Amino acid sequence: MIVATWITFCACRGLARGLLFFSSTSSRSPFWETLASVVSRTMGNSCVCREDSALEDHNHRSSRATRGQARRVDRGMGVGGDAAEALSSRPRDPVRPPRRGRGPHEPRRKKQNVDSLVLDTLAVIRTLVDNDQEPPYSMITLHEMAETDDGWLEIVQSLIQVIPLDDPLGPAVITLLLDECPLPTKDALQKLSDMLSLSLAIARQDALNPAKHRNTTAVLGCLAEKLAGPASIGLLSPGTLEYLLESLSSEAHPTVMLFALIALEKFSQTSENKRTVSKSCISNRLAVLESWAEHPDYLKRQVGFCSQWSLDNLFLKEGRQFTYETVNLTNINAMLNSNDVSEYLKICPTGLEARCDASSFESVRCTFCVDSGVWYYEVTVITSGVMQIGWATKDSKFLNHVRLAGVRTARLPTAAAACPRSPKLALCVCFSQEGYGIGDDEYSCAYDGCRQLIWYNARCKPHSHPCWKDGDAIGFLLDLSKKQMVFYLNGHQLPPEKQVFSSATSGFFAAASFMSYQQCEFNFGAKPFRHPPPGKFSTFNDFASLLPGEKIIIPRQRRLALLKQVSIRDNCCTLCCDVMADTELRPCGHGGICMECALQLETCPLCRHDIQNRVRLIAHVS
C-alpha cells in the first residue's frame, strides 16, 4: 500500500512538472493558465511574483513570510478560481516598493547599499507633505537596521560619506535619521569614536572635501543633542574637541565652521562639557567670527550669527559687552516676540532675525497685531530649506516643543504664541512631532518656498514660484478690506489666498516656523523694502510701539539670573506664575492653575487627559 501511494505521488508530481513546462513554452490558453495555477498551488509552490526591485538581503525574510501567508490563504480558500482572484486582487502596500520572491534555486540578491537608502530618504523627504503619510520605505529600513550596533554604525558612516554639500536639507536629514533611530549603546559610541579617530590632524585632512567634515560635525551635533550626561561627556573626547575647535579655523570651509560651532553648542548643554569647552578659549575664536554677522555671503553670515549668539548665551568672554547693550534699537518699533517662543529658537538682539538649530520645528510671531487695513512685510531668505512663513491670528493653536533629557514634551499653549509642527518633516520632524505650525490650522496661512507649497489648515497646494534660494526676498501682503493675502518672490506675486478668512477676520500677526538649521531675516518697515508691492499699504514699524525695556532680548545667562531673583507665591498658577491658582480641571481633578491658563488648554498638562470642564474654586475668606 505504501509503495503504491509513493508511485502515485511521484507520477502526479511528474505530470505537474510536465504541465508547468508545457504551459510556459507554448501559447497559454485560459485552460492551461487555470490548470497550471491550480497544480502549482496544490504542490505548495505559491511564490507570489511581483516586479523586480533591488531590495536588501535582510528583507528577504519578509518575502518568505509573504509567501507563507499566501499559502495559508490558499489552504483556507481552496484551490479554485476564488483563491486566484483573491491573490491577484490583494492590495500592495503603497509605501514599500514591489517585491519579488526568490525561488528555491535562485541565487541570493546582493544586499542593497546603505548609501542608496540614505540618498533615497534625502530625495523623498521633501515630498512628505501629509500628516497621515507613513515614513518612506528607505527610512523604515534604516530604522530597522539601526537596531543593531553594526547597523547603526553603518548608517552613521553612510551619512558622513554620501550626504552632498549643496543640498539644503542634507544636515536636517542627518538629524532626522539619527533622531528617529534607536539610541546607540555605549559600545556603539565607543566603536564610532574609534572609527572616526578625530583629532586636530584629521580636521586638516581632506580640505578639498568639506562635505565629509560638515557631515561629521552635523552627526556629532545631533548625537550631543540626543544624548545626555556621561554618554555626551564620553563622546566629547580630547581628540573630538580638538577636531571641532580646529574646524573653526579660518582655513576651514564656512559650512564646516558653522556645524562645528553648532556641535559645540549642543555638547555644552551638559554642564561638564560646557566647562571643558569654555576652558579651550573658544570665546577668542568666536570673537573674530562674530564680525561675519552682517556679511554679504549668507553662509558666512550664519557663522557670524551663531558666533554672536554663543558669545551672548554660552561662551561668555571677559570684558565683552552683551550685544543687546551695544545695538541701536531706536528705529525699531516691531520685532519678533521672544517671550512666547521656546529656548531653542535663536533670535538676534535686533529682534529681526531668527534661526532654529534644534531637532524640532520652532515658530515665532511678531509683536504687533493688526485688525484692519492693508499691511506688508518682507523676509530675506538666509537658508533655503524648509520654512513656513506667513500670517497667523490670535486664535492660532501653537504648542512649542521642548526637549528635556531626550524626551519630547509639549509646552503649554499661550494665546497667539507661535509654534511648530510641520506636517511634513516636521519634516523634522517628520513623524513624531505634535503641535501646530504656521499654516497647520484654520487660523493661519503660510508660504513654503523650499517645497513650493502654500499651507492652510494642515493642507497644502503647489504654487508656481521656483524654489527659493539664499538671498531671495519674500513679500507678504495682507489686505483685510478685500480679505486676501498675496505672496511675492522677488516682486513676482502669486494669486491671492482667501481661505483663512472663513475662520478669522482680525488679530493677524506676521509669523514663521523653522525646520532644523534654517534662518531668515524679517523687515517690518524699519528699512526700505527691496520689492514693495504696488498700491498703498502700511508697515508694522510705522504704527507699532515698544517701550525700551520691551525691545531688549535678554541673553539666557542674564535671564536665568533674573528668574532666580523672582519671588513666587505658594498659591500662584504653576503655568503663568502670576495669578492665583483657582481652577480645577474635570474629569481628572488636577488643579494648580488659573482660569485664564485653563481656558487655553485642551488636555491636562499633568495626565494628558482631555478637559471636559473647568471649575473655578471659591476661596474661603476668614
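The values are calculated or read from the model by the stated rules, or taken from the named source; none is laboratory data. Since the model is a prediction, treat every value here as computed from it, not as a measurement. Quick reminder, even Gly has a Cβ in these numbers, built from the backbone with ideal geometry, and neighbours come from all protein chains shown.
Of all the criteria given as (1) in contact with a strand residue (DSSP E or B) (Cβ under 9 Å, 6 or more places away or on another chain); (2) in the same structural domain as Glu521 (by TED's automatic domain parsing); (3) of a type in the set (Ser, Thr, Tyr), the one not satisfied by Ser338 is (2).
Tell me which residues, restricted to the range 373-404, are under 28 Å from Gln269 (Cβ atoms) and at pLDDT below 85. Phe398, Leu399, Asn400, His401, Val402, Arg403, Leu404, listed by residue number. Scanning the range 505-524 for residues that are surrounded by fewer than 24 Cβ atoms within 10 Å (Cβ to Cβ), of a type in the set (S, T, N, Q), in a loop (DSSP other than H, G, I, E, B) and in contact (Cβ under 8 Å) with a residue 60 or more places away in the chain yields one hit, Ser506. Candidates in the range 573-604 are the residues that are touching a His at 6+ places or on another chain (Cβ under 8 Å) and not hydrophobic (A, V, I, L, M, F, W, C); of these, the one that is surrounded by the fewest Cβ atoms within 10 Å (Cβ to Cβ) is Pro587. Of all the listed residues (Tyr447, Tyr456), the sole one being more than 19 Å from Gly373 (Cα to Cα), in contact with a Ser or Thr (Cβ under 8 Å, 6 or more places away or on another chain) and among the aromatic types (Phe, Trp, Tyr) is Tyr456.
Does Ser268 satisfy being closer than 30 Å to Phe522 by Cα and assigned by TED's automatic domain parsing to the domain that holds Asp206?
Taking the combined requirement at face value, the residue satisfies it.
Is it the case, given these coordinates, that Cys576 is in a loop (DSSP other than H, G, I, E, B) and either closer than 21 Å to Lys397 by Cβ or of a type in the set (S, T, N, Q) (or both)? Judged against the criteria, Cys576 is a match. Contact map, the range 160-177: residues that are over 20 Å from Leu223 (Cβ atoms) paired with residues that are basic (Lys, Arg) and buried (at least 22 other Cβ atoms within 10 Å of the Cβ), Cβ distance under 8 Å, separation 6+ or inter-chain. Pairs shown: Leu165/Arg214. Taking the range 341-371 as the range and being of a type in the set (Asp, Glu) and either touching a Phe, Trp or Tyr at 6+ places or on another chain (Cβ under 8 Å) or free of Cβ contacts under 8 Å to residues at least 12 places away in the same chain (or both) as the test, the residues that pass are Glu353, Asp357, Glu362, Asp371.
Would you confirm whether any residue within the range 201-223 is outside any helix (DSSP H, G or I), in the same structural domain as Lys191 (by TED's automatic domain parsing) and within 20 Å of the chain's Cα centre (by Cα)? Within the range 201-223, not a single residue is outside any helix (DSSP H, G or I), in the same structural domain as Lys191 (by TED's automatic domain parsing) and within 20 Å of the chain's Cα centre (by Cα).
Each row is one residue, and each column tells you yes or no for (1) part of a loop (DSSP other than H, G, I, E, B); (2) more than 23 Å from the chain's Cα centre (by Cα); (3) free of Cβ contacts under 8 Å to residues at least 60 places away in the same chain; (4) not assigned by TED's automatic domain parsing to the domain that holds Ala511.
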| residue | (1), (2), (3), (4) |
| --- | --- |
| Glu251 | yes, yes, yes, yes |
| Val256 | no, no, yes, yes |
| Ala263 | no, no, yes, yes |
| Trp292 | no, yes, yes, yes |
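For the range 311-369, the candidate set comprises residues that are among the small types (Gly, Ala, Ser) and in a loop (DSSP other than H, G, I, E, B); within that set, the residue that is farthest from the chain's Cα centre (by Cα) is Gly319. Counting only residues that are more than 30 Å from Trp375 (Cβ to Cβ), small (Gly, Ala, Ser) and not in a loop (DSSP other than H, G, I, E, B), the range 525-572 holds 1 of them.
Residues in the range 241-261 that are surrounded by fewer than 24 Cβ atoms within 10 Å (Cβ to Cβ) and either of a type in the set (Val, Ile, Thr) or within 19 Å of Leu192 (Cα to Cα) (or both): how many?
Applying the first criterion (surrounded by fewer than 24 Cβ atoms within 10 Å (Cβ to Cβ)) to the range 241-261 yields 241-242, 245-246, 248-255.
Those left that are additionally either of a type in the set (Val, Ile, Thr) or within 19 Å of Leu192 (Cα to Cα) (or both): 241-242, 255.
The number of residues fulfilling the criteria is 3.
Kindly check whether there is at least one residue in the range 546-557 that is of a type in the set (Asp, Glu) and closer than 24 Å to Tyr324 by Cβ. There is at least one residue in the range 546-557 that is of a type in the set (Asp, Glu) and closer than 24 Å to Tyr324 by Cβ.
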